[in-house]
2 protein chains.
Amino acid sequence: MTASRFSRRGLLGAGLAAAGAGVGAVAGVAGATAATGVDPFAAAANADESIDLSQQVPFYATAARQPQGGIRTTPQRHCVFMVFDLTASTATELQVLLARWSAAIAQLQAGRTIGSVEPAHGEGVGADTGEALDLGPASLTVTVGLGPGVFDERFGLAAKRPAHLAAIPTLPSDALEDGLTGGDLSLQACADDPQVAYHAVRDLARMARGTATVRWTVIGFGRASAGPSQSTPRNLMGFKDGTRNVTSDEEYERFVWLDSDAGWMAGGTYQVVRKIRMNLETWDADVVSDQQRVFGRTKVEGAPLSGGSEHTTPDFHAAAHGADADGATAIDPRSHIALAAHEANGGVKILRRGYNYTDGLNQYGQLDAGLLFAAYMTDPDHFTRLQRKLGASDRLNEYVSHIGSGVFAVPPAPRKGSYIGEQLFR
Amino acid sequence: MTASRFSRRGLLGAGLAAAGAGVGAVAGVAGATAATGVDPFAAAANADESIDLSQQVPFYATAARQPQGGIRTTPQRHCVFMVFDLTASTATELQVLLARWSAAIAQLQAGRTIGSVEPAHGEGVGADTGEALDLGPASLTVTVGLGPGVFDERFGLAAKRPAHLAAIPTLPSDALEDGLTGGDLSLQACADDPQVAYHAVRDLARMARGTATVRWTVIGFGRASAGPSQSTPRNLMGFKDGTRNVTSDEEYERFVWLDSDAGWMAGGTYQVVRKIRMNLETWDADVVSDQQRVFGRTKVEGAPLSGGSEHTTPDFHAAAHGADADGATAIDPRSHIALAAHEANGGVKILRRGYNYTDGLNQYGQLDAGLLFAAYMTDPDHFTRLQRKLGASDRLNEYVSHIGSGVFAVPPAPRKGSYIGEQLFR
């Protein structure tokens with residue numbers, strides 16, 4: 001038994017004493033809790049933070065090759081991701097759907113309804129279901145993606161297939177579940193209000209009836225990382241997630257946005273989405289030193305185990321210190337950050353824009369939760385190569401399962417008067 | 001086909017025209033959308049609203065018979081509700097759990113961790129899982145409830161059973177599902193940040209290991225209704241929910257808080273929780289005039305169909321106008337507000353504090369969503385009588401199913417140095 005396990009028992013012991021001794025000793029429970037290491041500055045860390053729900057993100061492009069929102073947009077706090085199968089049989093039906101979705105998304109991002117909530121005299125079905133009335137735009141973005149199926153034999157669009165769009169091959173970490181993979185169209189709705197994000201996807205799904213059916217969905221939450229003064233969001237394992245993410249203009253140009261070689265997709269990108277279940281109960285029972293070894297970083301600060309603070313560049317060659325170091329490196333070569341580092345992947349980065357999710361309890365009464373991993377890149381093969389390596393060796397594999405997967409081409413934003421993917425139909 | 005259905009077709013028609021005529025006509029899609037009745041002021045309604053995540057709610061009572069937080073507390077935006085079964089066999093184990101939970105909740109509501117996230121040198125299991133570090137208190141409240149099982153033969157506490165605590169009888173609307181009913185203990189964690197609420201329940205569940213196991217959980221979201229200047233939150237049917245709720249001190253004293261007759265429960269209350277699934281796809285296909293008839297209110301404004309604005313007192317005797325009124329009342333006697341009105345229930349009110357929930361998709365690929373209904377009252381029989389009537393006659397029944405149910409006694413808040421339910425063990 002480790003020291004800290006013992007101190008947790010100590011806490012229980014204090015509780016038992018309280019049970020015998022009455023009120024006075026219960027204060028001892030709180031005292032014991034404090035003694036085990038309460039972080040005294042945790043409460044004040046972001047004490048001045050607030051969220052402004054009146055913010056809106058413009059939908060239409062005002063320049064050439066401008067990307068859709070929801071990619072470089074400062075991550076909003078909530079995300080509803082939904083994937084659709086096309087049931088349409090003609091390119092025109094797809095075109096109409098993309099045109100109607102675009103017009104509707106422009107309305108929604110402005111904080112408006114899609115159409116009438118309450119038709120005259122109530123005589124008719126509402127065009128908008130109404131639950132986001134009065135809620136404001138809440139920085140909503142809806143990002144539309146086109147799956148490989150859009151370019152199959154059904155619609156005559158094969159000649160327009162984006163160069164790198166193809167299903168993700170089977171990977172060593174795959175534990176994919178029926179009904180959580182593939183799909184022809186994706187919607188990623190992110191907002192600072194969950195009801196605004198849910199309403200957007202619900203009403204866009206409703207507009208798609210007769211043209212597309214819902215295939216799978218993941219509803220995520222997270223924490224905005226609104227600039228250098230704010231801390232990096234944490235995943236449900238309690239570790240910061242996104243410290244070495246794509247940030248600069250130069251990196252976005254190099255790793256995320258497609259250039260003029262991509263033809264009609266110039267200014268667009270590729271979206272890879274994975275639903276990654278975390279085995280939280282196993283994780284929570286692990287000693288923190290092992291958790292840190294798995295990630296290669298400290299838990300509270302997020303500093304690489306080679307030293308420094310969160311944003312110090314990891315030194316993957318630095319030797320471990322201590323009695324049992326035995327020539328090992330401070331950062332385990334099979335740790336998540338060592339295997340995922342761009343230094344170990346030909347300099348390649350992908351933009352990660354993940355959200356935590358929870359599905360309640362699983363069949364064993366354990367927490368069913370994890371990460372809605374969404375990433376953007378100039379070629380989905382960048383993800384595939386990375387995940388092939390992680391899936392084979394990453395110490396994190398013991399605690400995660402990749403249960404959902406999809407890949408989509410994300411066209412650039414339309415100009416006013418046009419719609420997403422309009423170039424497909426010229 | 002109704003007029004509005006036709007105008008939705010018209011919208012589709014505009015899209016089809018766009019598909020043929022190219023870019024110019026697509027603006028017509030947006031134009032057509034606007035013409036169908038966009039609410040021009042929707043975006044600005046709460047334009048100045050923001051959420052302050054540094055707010056904290058005190059946990060300990062500073063006066064006699066002070067209620068726990070999370071009941072009269074201004075509804076926070078997120079809620080994680082979890083129910084536990086006691087596996088303990090002695091009252092002392094229950095006592096220790098309540099004492100440890102109380103100490104931990106006090107820490108969490110102050111925005112602190114429960115204990116160490118990162119034990120010295122990482123050698124040990126973290127007392128706190130860490131994912132809420134840096135997030136602030138976010139107005140967290142954790143409300144603890146005691147189910148009927150606490151007072152059964154197991155713990156020798158039968159003599160302390162709160163007078164009105166008993167399982168909810170079978171009701172006409174019941175479609176209860178295995179694993180979504182009953183339970184010995186409840187935790188209702190509400191916060192303005194979803195990760196703060198989830199973390200609280202996760203780590204309190206972890207503390208309960210060996211004493212209690214998780215039975216069921218519902219994760220809800222909603223909209224704060226922070227005073228008279230803010231609009232009433234909407235449920236996923238798009239209607240305002242809570243217009244005639246308990247609001248004044250006098251009503252809280254009369255309908256919610258237990259008085260000195262309740263002995264050790266004085267200052268406490270009873271909690272009734274229902275997981276109510278909404279058949280949203282059926283609802284969304286209904287004409288708005290029928291939706292309004294079901295609720296007895298207009299959709300956008302929330303005004304009673306007898307006239308006026310949202311907060312106008314409904315007149316259940318007012319006659320309907322129009323050609324086919326035929327002596328009927330403006331508010332259908334089987335509408336939700338007519339049947340639920342305190343005027344029709346011996347003047348009795350219950351405090352409703354619900355959240356919307358979504359569980360993604362059901363087995364048919366339809367939206368699986370609804371209402372986490374939580375209500376507080378001086379006697380659970382007030383709910384039972386109301387729901388017996390609603391379940392038999394309410395026009396809303398066609399669109400909802402009560403799939404989960406629980407009832408709990410909620411003791412008053414403890415003084416500093418004590419813990420929730422301490423009076424049970426004297």
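With only the Cα atoms considered, the stretch A:324-378 has a convex hull volume of 138 Å³ per residue. For chymotrypsin sites (Phe, Trp or Tyr not before Pro), the sites in the stretch A:328-367 that DSSP calls loop and that have at most 12 other Cβ atoms within 10 Å are A:Tyr364. Note down the magnitude of the dipole of the stretch B:261-338 about its Cα centre, charges +1 on Lys and Arg C-beta and -1 on Asp and Glu C-beta and zero elsewhere, to the nearest 20 debye. Around 340 debye, computed over the stretch B:261-338.
The angle separating the long axis of helix A:91-109 from the principal Cα axis of greatest extent in chain A is about 60 degrees.
For B:Asp52 and B:Ser260, FRET efficiency with R0 = 41 Å and r from the beta-carbon atoms, rounded to 0.05? Efficiency computed from Cβ-Cβ geometry: 0.65. For the stretch A:405-425, accessible area lost to neighbouring protein chains reaches 10 Å² or more, against the chain alone with a 1.4 Å probe, at A:Gly417, A:Ser418, A:Tyr419, A:Glu422. Packing here is the average count of other Cβ atoms within 10 Å per residue, and on that basis the peptides B:256-267, A:273-284, B:153-164, A:98-109, highest first, run A:98-109, A:273-284, B:256-267, B:153-164. In summary, the lysines within cross-link reach of A:Lys160, defined as a Cα separation below 25 angstrom excluding same-chain residues under 8 places away, comprise A:Lys416. What residue among A:Gly115, A:Gly147, A:Gly360 has the largest mean-square fluctuation in a Gaussian network model of chain A, using Cα springs under 10 Å? Of the options given, A:Gly360 has the highest mean-square fluctuation.
Translational diffusion of the stretch B:93-133, estimated by Stokes-Einstein from the Kirkwood radius over alpha carbon pairs at 4 °C in a medium of 1.567 mPa s, is 117 µm² per second.
GNM on chain B, alpha-carbon springs under 10 angstrom: the most fluctuating residue among B:His121, B:His78, B:His199 is B:His121.
Distances between every pair of Cα atoms in the stretch A:108-225, grouped in 10 Å steps from 0 to the bin holding the largest one, split as 11, 32, 32, 20, 5, 0 percent. Beta-bridge orientation, the protein assembly as shown: approximately 95 percent antiparallel, per DSSP, counting only bridges with both partners inside. For the protein assembly as shown, the fraction of 1.4 Å probe accessible surface lying on carbon and sulfur atoms is 51 percent. With all protein chains kept in place, the per residue accessible area of the stretch B:44-107 amounts to 35 square angstrom at a probe of 1.4 angstrom.
Radius of gyration (Cα atoms) of the protein assembly as shown, expressed as a multiple of 2.2 N^0.38 Å: 0.96. Remark: label point of B:Ser50 defined 7 Å out from Cα along the Cα-Cβ vector; separations to the same position in other copies 0.5 nm, ascending. Compared with its chain on its own, the stretch A:249-296 contains the following residues whose accessible area drops by 40 Å² or more in the full protein assembly (probe 1.4 Å; ligands, DNA and RNA excluded): A:Asp284, A:Val288, A:Ser289. Looking at the stretch B:283-400, the DSSP beta bridges with both ends there are about 100 percent antiparallel. Semi-axis lengths, largest first, of the ellipsoid equivalent to the stretch A:303-395 are 28, 21, 13 Å, with √(5λ) applied to each eigenvalue of the Cα gyration tensor. Three principal axis extents describe the C-alpha atoms of the stretch A:344-423; from largest down they are 52, 36, 15 Å. Here, the stretch B:182-265 is characterised by an Rg to Rh ratio of 1.04, where Rg is the alpha-carbon radius of gyration and Rh the Kirkwood radius.
With label points defined 7 Å past Cα in the direction of Cβ, position A:Ser393 shows copy-to-copy spacings of 7.2 nm, given to one decimal and shortest first. For B:Lys349, which lysines qualify as cross-link partners when the Cα separation must be under 16 Å and same-chain residues fewer than eight apart are set aside? Hits, sequence-local ones excluded: B:Lys389.
Volume per residue for chain A equals 191 cubic angstrom (convex hull of Cα atoms).
For B:Asp326, the label point sits 7 Å beyond Cα toward Cβ; its separations from the matching points on the remaining copies run 8.8 nm, from shortest to longest. In the full protein context, the stretch A:271-411 carries 37 Å² of accessible surface per residue, based on a 1.4 Å probe and ignoring ligands, DNA and RNA. Heavy atoms of chains A and B lose about 9400 Å² of accessible surface on contact, summed over both sides with a 1.4 Å probe. Per-residue ellipticity at 222 nm from helix content only, as computed over chain A with -39500 (n - 2.57) for each DSSP H run of at least four residues, stands at -7500 deg cm²/dmol. Shielding of peptide B:183-196 by partners, expressed as the average count of other chain Cβ atoms within 10 Å per residue Cβ, is 2. Among the residues of B:133-142, the average count of other protein chain beta-carbon atoms within 10 Å of the residue beta-carbon is 5. For chain B, the longest principal axis of the alpha carbon atoms and the long axis of helix B:380-393 meet at an angle near 30°.
The values are calculated or read from the model by the stated rules, or taken from the named source; none is laboratory data. Note that the structure is a prediction, hence the values are computed from the model and not measured. Cβ sites come from the backbone with ideal geometry, for glycine too, and all protein chains shown count toward neighbours. Ligands, DNA and RNA are stripped out before the accessible areas are found, and what is left, the full protein with its side chains, is counted by its heavy atoms. Shrake-Rupley method; radii C 1.70, N 1.55, O 1.52, S 1.80 Å.
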